Amino acid sequence: MEQAGLKHAQESVLPLWERTRRFRIYSSWLIPGPMQTAPYIEALLRSIRDRRQIIDDVEQAVRVRVAKQHVLHQGNHRFAIVLEESVLRYRIGGPDVMAG
C-alpha cells in the first residue's frame, strides 16, 4: 500500500475512520494516530519513508493525516485510549516534538 506513497496510504483508511463509531486503541510504543500532532506525524512518516525507501510525499501525507483527525470533533465517535508509559518515552522527533 505504501509503494503508491504515504499520502495514498493515509487516504485509503479515511472511509474506515469516518464510519467507525467506537475507537478502542491500545499502544505500547507510539502516540495513536488520532492524537498525534503534525510535527509528530511528520517525524514518524519521514522515518518510515527513509527506512522503506518509498516516494517522498511526506508533506502531503501529513496534511491528509491531520485532516483525518476531524473524527475527534465531528460526528458520533467515541474514543477509549490506553497508553503504556513507554509511549511518552519513545522519542519520535526531538524534545519539542515530544512536548507537543
- Note on the structure: Of the candidates Pro34, Pro39, Pro15, the one satisfying the condition of being in a helix (DSSP H, G or I) and loosely packed, with under 11 Cβ neighbours inside 10 Å is Pro15
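Scan segment 65-87 for residues that are free of Cβ contacts under 8 Å to residues at least 40 places away in the same chain, aliphatic (A, V, I, L, M) and closer than 15 Å to Ile41 by Cα and jot them down. Can you show your working first?
As a first pass, look at segment 65-87 and keep what is free of Cβ contacts under 8 Å to residues at least 40 places away in the same chain: 66-67, 69-70, 72-74, 85.
Within this subset, residues satisfying the condition of being aliphatic (A, V, I, L, M) are 66-67, 72.
Within segment 65-87, Val66, Ala67 qualify.
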- Query: Can you find even one residue in segment 49-64 that is farther than 17 Å from Glu11 by Cα, at pLDDT below 95, in contact with a helix residue (DSSP H, G or I) (Cβ under 8 Å, 6 or more places away or on another chain) and assigned to a loop (DSSP other than H, G, I, E, B)?
  - Reply: no
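Determine if segment 65-87 includes at least one residue that is part of a helix (DSSP H, G or I), of a type in the set (Val, Ile, Thr) and at pLDDT 95 or above.
So in segment 65-87, the residues part of a helix (DSSP H, G or I) come out as 65-72, 86-87.
Restricting the remaining residues to those that are of a type in the set (Val, Ile, Thr) gives 66, 71, 87.
In the following step, the residues that additionally are at pLDDT 95 or above were identified as 66.
Within segment 65-87, one or more residues are part of a helix (DSSP H, G or I), of a type in the set (Val, Ile, Thr) and at pLDDT 95 or above.
When residues of segment 76-99 are filtered for being surrounded by 12 or more Cβ atoms within 10 Å (Cβ to Cβ) and either more than 13 Å from the chain's Cα centre (by Cα) or of a type in the set (Phe, Trp, Tyr) (or both), how many remain? Outline the logic, then answer.
Taking segment 76-99 and keeping what is surrounded by 12 or more Cβ atoms within 10 Å (Cβ to Cβ), we get 77, 79, 81, 83-84, 87, 90, 92-93, 97-98.
Still in the list and also either more than 13 Å from the chain's Cα centre (by Cα) or of a type in the set (Phe, Trp, Tyr) (or both): 77, 79, 81, 83-84, 87, 90, 93, 97-98.
Number of matching residues: 10.
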- Task: Within segment 42-59, track down each residue that is closer than 14 Å to Gly94 by Cβ and surrounded by fewer than 14 Cβ atoms within 10 Å (Cβ to Cβ).
- Result: Ser47
- Give me the pairs: first residue in segment 18-45 and within 16 Å of Gly100 (Cα to Cα), second residue among the charged types (D, E, K, R), beta-carbon distance under 8 Å, and six or more apart or on different chains, which are they? Gly33/Arg65; Gly33/Lys68; Pro34/Lys68; Gln36/Arg65; Pro39/Asp96; Ile41/Arg65; Glu42/Glu59
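The values are calculated or read from the model by the stated rules, or taken from the named source; none is laboratory data. Quick caveat: nothing in here was measured; it's all calculated off a predicted structure. Here Cβ is always computed from backbone atoms with ideal geometry, including for glycine, and neighbour counts include all displayed protein chains.
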